[in-house]
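S.K.: If you scroll down you'll find the structure; I have some questions about it.
All of the numbers you see were taken from the coordinates with simple rules; none came from a lab. This structure is a prediction, so every number in the text was calculated from the model and none was measured. No Cβ is skipped: glycine too gets one built from the backbone with ideal geometry, and neighbour counts run over all protein chains shown.
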Protein chains: 2
Amino acid sequence: METSNYHHGDLRRAIIDAALEVISESGPAAVSLRDLARRAGVSHAAPAHHFGDKAGLLTAVATQGFGLLGDVLQRAAGQPEGYLAVGVAYVGFAVEHRAHFEVMFRPELYHADDPELLEAQASTSRILYEGAAPYAQDGGTQTQDAALAAWSLVHGFASLWLSGNLPADLPDDPRDAARRVARVLFPHTAGDIA
Amino acid sequence: METSNYHHGDLRRAIIDAALEVISESGPAAVSLRDLARRAGVSHAAPAHHFGDKAGLLTAVATQGFGLLGDVLQRAAGQPEGYLAVGVAYVGFAVEHRAHFEVMFRPELYHADDPELLEAQASTSRILYEGAAPYAQDGGTQTQDAALAAWSLVHGFASLWLSGNLPADLPDDPRDAARRVARVLFPHTAGDIA
DNA sequence: TATTTATCTTGACACTGACTAGATTACTCG
DNA sequence: CGAGTAATCTAGTCAGTGTCAAGATAAATA
């Protein structure tokens, strides 16, 4: 840290962390490779060596994000509340890892065909789909429709929350607000299924 | 059009239209005032005179978008399908006016405190809220929760559709896909209420 | 017609992402 | 241990960007 300045040691991680900080404060559009380099105390072209590209950096952010989201959802799936907990966790992730979330669903910002990213993406959406199965039989709705409805609902709620378009008289904790709204979709959910 | 080059005549509209074209193809991040000026056959600083700012241009786009969305939803609210039609129309708007939609819910891109914009915003969300009232009584859910659930669902579905995160085996027409998914939320909707 | 106003141009500045060539350090393998 | 290779970072450059200031031109007004 205080010895040679040439080899940073952990520049890749440092750049990603700095990027997350910038995105949290000002959105993905405010990310500048040169600024991140400055924050890490390296030359302006150093980040490009690790990510190739500005889009490459955001690809790394998105991949990390899908991995994190997968972990969060997996953990929630084992809770007594069942699928409702997954939905609430989805919103919780969006708010707590806002920077990741804001990049993940903006494919024009990164290299959407990156293999690592595709794998992380597929792995997390699998959790969404599998969890919805038990709730689909009643009412005659297809499993896929139920999963899509649930995903759409929590994704939309999270997006609207982050963009500040929701009314101000909601619960302070977005998880509580999300739980109330998600119950409209699955009113018969109290922990008795799954 | 072929006479004097100095006064364009309708530059403001020309710039907005060009911006919408660019956004449709490459997203809001790809918008460059200088490029828009080039497309309109005008000097590089001309757009700034009409919008003050790049954010000012996007403010105009967002305001126009909220106005359009309001019209679309208002029209749908009068249809026999009732609130379901409103939800489907919301998704239809997002797909047909993709450029507007992608700017509208990204407040960091524009001047979110612009009075005109705030008015258009409030006016359209009012339609969303009023339409939900008839569907809230049964099941004991609050009116607000029902409205938020519906809005979240269609907004999330539209966002996921636009970002290409939905499975490939859905109906080609996003309206049909949206209708199927929205029915999960209001299964007892066939045109008999409202 | 004279003057005021809106519109547009020109030129400049600091900033950005990307590319190149080169310097420095770490790693590997004899 | 030491030479050679690879990884990492620097320095310089280029075209392109948003924004600002000052001036030119045309339209509207009175």
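S.K.: From the Cα gyration tensor of chain B, with a ≥ b ≥ c the square roots of its eigenvalues, which class applies: rounded if a/c is under 1.5, or else prolate if a/b is larger than b/c, or else oblate? Don't skip to the answer; put the middle values down first.
M.R.: Working: a/c = 2.66, a/b = 2.11, b/c = 1.26.
Prolate, since a/c reaches 1.5 and a/b exceeds b/c.
S.K.: While we're here: Take the rotation relating chain B to chain A, measure from its axis to every Cβ in chain B, and name the nearest residue with the distance in whole Å.
M.R.: For chain B, the closest residue to the axis carrying it onto A is B:GLY156, 1.
S.K.: Calculate the mean, over all residues of peptide B:168-177, of how many other protein chain Cβ atoms lie within 10 angstrom of the residue's Cβ.
M.R.: Numbers: counts 0, 1, 3, 0, 0, 0, 0, 0, 0, 2.
Partner Cβ neighbours, averaged per residue: 1.
S.K.: Turning to a different aspect of this structure: What does the helix-only formula give at 222 nm for chain A: each DSSP H stretch with n ≥ 4 adding -39500 (n - 2.57), the total divided by the residues, and the result rounded to the nearest 500 deg cm²/dmol?
M.R.: Details: 9 runs with 125 residues, N = 194.
Only helices count here, giving -20500 deg cm²/dmol.
S.K.: Assigning unit charges at the beta carbon (Lys, Arg +1; Asp, Glu -1) and nothing else, what dipole magnitude in debye, to the nearest 20, does the protein assembly as shown show about its Cα centre?
M.R.: Numbers: 28 positive and 48 negative charges, 82 e Å.
My answer is approximately 400 debye.
S.K.: Quick check: the distance between the Cα centres of the range B:49-121 and the range A:146-186, to the nearest angstrom?
M.R.: If you average the Cα positions of each part, the centres end up 20 Å apart.
S.K.: Looking only at other chains, what is the average number of their beta-carbon atoms within 10 angstrom of each beta-carbon in A:99-107?
M.R.: The per-residue average across the peptide is 3.
S.K.: Does the protein assembly as shown classify as rounded, prolate or oblate by the C-alpha gyration tensor (a ≥ b ≥ c root eigenvalues; a/c under 1.5 gives rounded; else a/b over b/c gives prolate, otherwise oblate)? Kindly include the intermediate steps, with their values, before the conclusion.
M.R.: On the way: a/c = 2.12, a/b = 1.17, b/c = 1.81.
Judged from the Cα gyration tensor, the protein assembly as shown comes out oblate (a/c at least 1.5, b/c at or above a/b).
S.K.: Quick one: putting +1 on the C-beta of Lys and Arg, -1 on the C-beta of Asp and Glu, what dipole do you get for chain A around its Cα centre, in Debye to the nearest 20?
M.R.: Working: 14 positive and 24 negative charges, 45 e Å.
Its charge dipole is roughly 220 debye.
S.K.: Under 20 °C and 1.002 mPa s, how fast does the range A:9-52 diffuse according to Stokes-Einstein, given a Kirkwood radius computed over C-alpha pairs? Answer in µm²/s, whole number.
M.R.: Working: Rh = 10.2 Å.
Rounded to a whole number, D works out at 210 µm²/s.
S.K.: Using the Kyte-Doolittle scale, which helices in chain A average at least 0.0 and also have C-alpha atoms spread 30 Å or more along the helix axis, with helices defined as whole DSSP H runs?
M.R.: Working: long enough: A:54-77 (35 Å, 0.72).
Taking the DSSP H segments of chain A (at least 30 Å long, mean hydropathy at least 0.0), we get A:54-77.
S.K.: Here is a follow-up. At A:ARG38, with labels set 7 Å past Cα in the Cβ direction, how many nm apart are the copies from this one, shortest first?
M.R.: Label point to label point, same position, other copies: 2.7 nm.
S.K.: Moving to a separate point now. To the nearest 20 debye, what is the magnitude of the charge dipole of the range A:9-52 about its Cα centre, counting +1 on the Cβ of each Lys and Arg and -1 on the Cβ of each Asp and Glu? Kindly include the intermediate steps, with their values, before the conclusion.
M.R.: Values: 5 positive and 5 negative charges, 32 e Å.
Value, rounded to 20: 160 debye.
S.K.: May I pose another question? Once Lys and Arg get +1 and Asp and Glu get -1 on their Cβ, which of B:PHE105, B:ALA62, B:TYR83 lies farthest toward the positive end of the dipole of the range B:54-185?
M.R.: Positive-end residue among those listed: B:TYR83.
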